[in-house]
Amino acid sequence: LSVSTDPEAEAVLLAELLSKEIAAWPGDARLVIDDYQALSMSRACERFIGTLVRESPLRLLITSRKRPSWAGSRLRLYGELFEITRIELAMTNSEAREVLAAVIGDEQRTQLAKLCRGWPAVLGLAARLGDTSPPRNALLPGLYDYFAEELYQNASPDLQRFLCQISAAPCLTRDLLERIAGAEALELTVAAEQSGFFFSAGAAEEFSLHPLLRDFLEH
């Protein structure tokens, strides 16, 4: 697709050709794509994968910070798509304490478990750091690099500016987000959620920014 003169049109043709080969795959075969969000920046790539899903019996497993454009409500309604979100992936407090138990004392374990809020990657980093004091300060340098490289640099300039603005707000409501971003509030809010920066806080009109991400954005 990268050398095609008309990648969006040829994406469909190439996917249809490949789907005929996939039809002969064993029934238990899987195609696995990690970091799918890198592909989602290209409309041609999205059309290619979406066509494969539609035209073949492909069993696809992806990990992504952004939902594919072809993964709509119809697929979920008909049971053709199963999604595991950040909510399901987050560790409970007891699971977090178990991860930290081998290397961190009781007091710091409770403090870190509360700070990490079930985020597996952050808990993994905390476990590798061992029994440091204070644990929050030991976490931040590595986390800032991770947030910058994996999350922030993949955001659009508009989303980056929006995130820095909302990090200064003590609480995030839909009304406040609209006052900050105006007509673009809904689009930026959806992009921020899909990128993993914040999530619904229970009430339909309220959102929560992870405290470690707030630290990073304020920094």
(message) Being modelled with pLDDT under 75 and under 23 Å from K66 (Cβ atoms) narrows it down to one residue among S208, S200; which is it?
(response) S200
(message) Pairs needed: first member in region 19-39, touching a residue at least 60 places away in the same chain (Cβ under 8 Å); second member anywhere, of a type in the set (D, E, K, R) and open to solvent by less than 70 Å² (accessible area, probe 1.4 Å); C-beta distance under 9 Å; at least 6 residues apart or different chains.
(response) Q37/R65
(message) Report every pair of residues separated by at least 6 positions or lying on different chains whose Cβ atoms are under 7 Å apart, first residue within region 173-190 and over 17 Å from S156 (Cα atoms), second among the hydrophobic types (A, V, I, L, M, F, W, C) and outside any helix (DSSP H, G or I).
(response) L176/A169
(message) Pairs please, first residue from region 83-102 and in contact (Cβ under 8 Å) with a residue 60 or more places away in the chain, second anywhere and surrounded by 10 or more Cβ atoms within 10 Å (Cβ to Cβ), Cβ atoms under 8 Å, 6+ apart in sequence or on different chains.
(response) R86/G196; R86/F199; I87/F199
(request) From the list R174, R128, R179, R136, pick out the single residue that is under 24 Å from I87 (Cα atoms) and modelled with pLDDT of 75 or more. (result) R174
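The values are calculated or read from the model by the stated rules, or taken from the named source; none is laboratory data. Keep in mind it's a predicted model, so treat the numbers as computed, not measured. In this analysis, Cβ positions are derived from the backbone assuming ideal geometry, glycine residues included, and neighbour counts consider all displayed protein chains. The protein model used for the area step is the full one, side chains on, heavy atoms only, and it has no ligands, DNA or RNA in it. Shrake-Rupley method; radii C 1.70, N 1.55, O 1.52, S 1.80 Å.
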